[in-house]
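A short worksheet on the structure shown next.
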Amino acid sequence: MSKKDFKRFLDNRVDIHDPDNLQFLKDKLDSKGPGFCLAKWTQVTTHLGSGITHSCHHVGAHKIKLDELEKDPGALHNTEFKKERRREMLNGERPVECDYCWRIEDNSDHFSDRVTKSISSWSLPYLEEIINSDGTEDIYPKYVEVSFSNVCNFKCAYCGPAFSSKWTEEVKQKGTYKFIDYKGNNREFGFINPDEVQYLEKEHNPYIEAFWKWFPEAVKHMHDFRITGGEPLLSKHTSKVIDYLLENPQPNLKFAINTNACPPGNIWKIFTKKLNLLLDTNSVKEITIFTSAEAKGDQNDYIRFGMDYNLWLNNLRKLLKRCRKVRLSIMCAVNVLSVTSLYLMIPDINKLRNSTGADISMDFAYVRNPKFLDMRIAPRKLLDYYVLKATDEIPIDRIVENIKLKRIYDSICELQDISDPKELELTRYNFVQYITEYDKRRGTNFETTFPLLVPSFNEWAFVNV
C-alpha cells in the first residue's frame, strides 16, 4: 500500500468492509502484537448507576475505583485496570478478558471484532498515535456509551436486575429463578451481582457526579455518543444531556439513544420534540434511535414484558413524522420465543419504511444467554420453516440484514449438530422450569401465547434429568 493510500486508509476513506482492507489492518495490528486492539483506547461503555465500565461488549465490566475517580473523573474510561490491559496489548500479549476474539482468530478464518472495531471511523484515524503510546496515557474516548441507571418499565425475559429496576424489584420480592445445570449443580438466573447494585436516582451518585465534571470536555473529542439504560427516557440525566447539547452544540457528534419507545405519560411527545429541535438547530451531526422487538403482538409483549406492541409501532410512526431526519434502528434479540413470529414482525417494519420513507435499519443479535432462551433449543423443523421464512420477508435490497439473520440460522444449526444431546435436553428442561415460574410470577400464559411451541414444551417437561 502506497503512502498516499495508507493516508487515505487512516482517514477512513476506504471501504471498511473490503476483506483486503481488513486483512491489511489485521497485519498492521499484529505487527504491534497479536492481541492489539484500538477499542481498548477509543471505545467505552460505562454504567454510571453501578459504577462499572468496559471497552468492548465481549469482555466483562469491572468496577471503577472511587479513589481513582476522586483524583480524575477521566477514570470513567482510563481505569488502572484498563491501562494494564493496554500495556499488555502494546507489549505483544493477549489479555485474558479478550478471549472471544482470540478464539475466533485461532479457530476460523473470520476477522474478529478487534479488527472490525479498530477499522471503524472512531478508531482507525488514531492508529499511529496509539501504536506509539506506552499505555499509561489518559485519553478521551471516541465512541462513548453511558447508562445513567437501570430504571426501566420493562422486565424483558432475557434481561436481568443489572439493566432493569423492575427485574430488581421482582427478584427482591420473589427471589431468583432456580435451575439444575448439566452437572447436577444448582444455578440461579436473576442473581443481583454485588458489583452491579444500583444507586437510586434520589441518592448522591459519585459516578454521575464525575460524569458531569468530565462530559463538557470529553464530548468535544467524541465521534459517537450513545445513551442506554434501563430505559434512558426515565432518567432526568438524559434530558439534561439533550439540554446541554442544545446550549453547547456539537455539530460533528453522532448522537444515539436506546429506548423501548413505550415510556409512560407524555414523555415520548416531549422527547420527540426535543430531538427535532436538536436536528433543526444543527446541535448534533445526526441522531439514531435504537429500539427493540423480535416478535409480533402478544408474543413480543410476552418476551418484552411491559411492552405494548401496537403502542410501540404507533410511537415509532410519531417519531418519524415529527423528526424526519432521525435514523431508526430496530434491534432484534432473536431467541427461542421469537422463532414463530419474527417473520410476522418484519412486514410491520417494511410498512413503516414504505409509509414514512425514513432511514430504518434492522439488526439481528443472537441471544446466547440465558442458555435456556437460546434459539438452538427449538425443534429444527420450526427453525427451518420460520427463521428462513423471516429471511424471505427482508426486502431484497437489505442484503446485510438478510446475511446477518441467515448467519444466525446457520450458526444455530451448526450448534445443534455439535451439541451434547444430554446438555441440550437439560437446557430444554430448564426452559420449562423458567417459563412455568415466569407465568406464575407475571400472570402470563405461555400455552395460549405460543401455541406452536406447546408440543415441544410438553415433551421437554418430562425429560430424564
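Return yes or no: is D392 more than 22 Å from Y434 (Cα to Cα), without any contact (Cβ under 8 Å) to a residue 40 or more places away in the chain, in contact with a helix residue (DSSP H, G or I) (Cβ under 9 Å, 6 or more places away or on another chain) and not hydrophobic (A, V, I, L, M, F, W, C)? For D392, the condition - more than 22 Å from Y434 (Cα to Cα), without any contact (Cβ under 8 Å) to a residue 40 or more places away in the chain, in contact with a helix residue (DSSP H, G or I) (Cβ under 9 Å, 6 or more places away or on another chain) and not hydrophobic (A, V, I, L, M, F, W, C) - is not met. Summed over region 260-292, residues that are touching a Cys at 6+ places or on another chain (Cβ under 8 Å) and either among the polar types (S, T, N, Q) or at positive phi (or both) total 4.
When V146, V115 are screened for being closer than 28 Å to I16 by Cα and in contact with a Ser or Thr (Cβ under 7 Å, 6 or more places away or on another chain), only V146 passes. Looking at region 6-24, is at least one residue more than 30 Å from N205 (Cβ to Cβ), of a type in the set (K, R) and touching a residue at least 24 places away in the same chain (Cβ under 8 Å)? Checked against the condition, which is being more than 30 Å from N205 (Cβ to Cβ), of a type in the set (K, R) and touching a residue at least 24 places away in the same chain (Cβ under 8 Å), region 6-24 yields no hits at all.
Taking every residue in region 398-409 that is free of Cβ contacts under 8 Å to residues at least 24 places away in the same chain and pairing it with any residue that is assigned to a helix (DSSP H, G or I) and open to solvent by less than 80 Å² (accessible area, probe 1.4 Å), at least 6 positions away or on another chain, the pairs with Cβ-Cβ distances below 9 Å are N402/T391; K406/V387; K406/L388; K406/T391.
Inside region 403-432, residues that are more than 19 Å from S338 (Cβ to Cβ) and not hydrophobic (A, V, I, L, M, F, W, C) make up a count of 9. Here is the figure for region 324-345: residues that are farther than 30 Å from P455 by Cα and in a strand (DSSP E or B) total 4.
Every listed requirement among (1) surrounded by fewer than 23 Cβ atoms within 10 Å (Cβ to Cβ); (2) modelled with pLDDT of 95 or more is met by L76 save one, (1). Of the listed requirements (1) assigned to a loop (DSSP other than H, G, I, E, B); (2) free of Cβ contacts under 8 Å to residues at least 12 places away in the same chain; (3) not acidic (D, E), Q173 misses just one: (1).
Scanning region 131-150 for residues that are of a type in the set (F, W, Y) and not in a loop (DSSP other than H, G, I, E, B) yields a total of 1.
Restricting attention to region 94-129, the residues that are in a loop (DSSP other than H, G, I, E, B) and loosely packed, with under 15 Cβ neighbours inside 10 Å add up to 3.
Quick one: count up the residues across region 346-395 that are basic (K, R), in a helix (DSSP H, G or I) and within 21 Å of the chain's Cα centre (by Cα).
Taking region 346-395 as the starting set, the residues that turn out to be basic (K, R) are 351, 353, 368, 371, 376, 380-381, 389.
This time we only want the ones that are in a helix (DSSP H, G or I), so: 351, 353, 371, 376, 380-381, 389.
Narrowing the set further to residues that are within 21 Å of the chain's Cα centre (by Cα) leaves 371, 376.
Adding up the residues that qualify gives 2.
Among the residues of region 232-274 satisfying the criterion of being among the polar types (S, T, N, Q) and assigned to a strand (DSSP E or B), which is surrounded by the fewest Cβ atoms within 10 Å (Cβ to Cβ)? Ranking the qualifying residues of region 232-274, first place goes to N252. Among the candidates D359, D439, D374, the residue that is surrounded by fewer than 17 Cβ atoms within 10 Å (Cβ to Cβ), acidic (D, E) and within 30 Å of K174 (Cβ to Cβ) is uniquely D439.
Would you mention how many residues in region 395-428 are open to solvent by 30 Å² or more (accessible area, probe 1.4 Å), in contact with a strand residue (DSSP E or B) (Cβ under 8 Å, 6 or more places away or on another chain) and modelled with pLDDT of 90 or more? Total satisfying the criteria: 1.
The values are calculated or read from the model by the stated rules, or taken from the named source; none is laboratory data. Not measured: the values here are computed from a predicted model. Here the Cβ is made from the backbone with ideal geometry for all residues, glycine too, and neighbour counts use every protein chain on show. Surface areas here come from the heavy atoms of the whole protein model, side chains and all, with no ligands, DNA or RNA. Shrake-Rupley method; radii C 1.70, N 1.55, O 1.52, S 1.80 Å.
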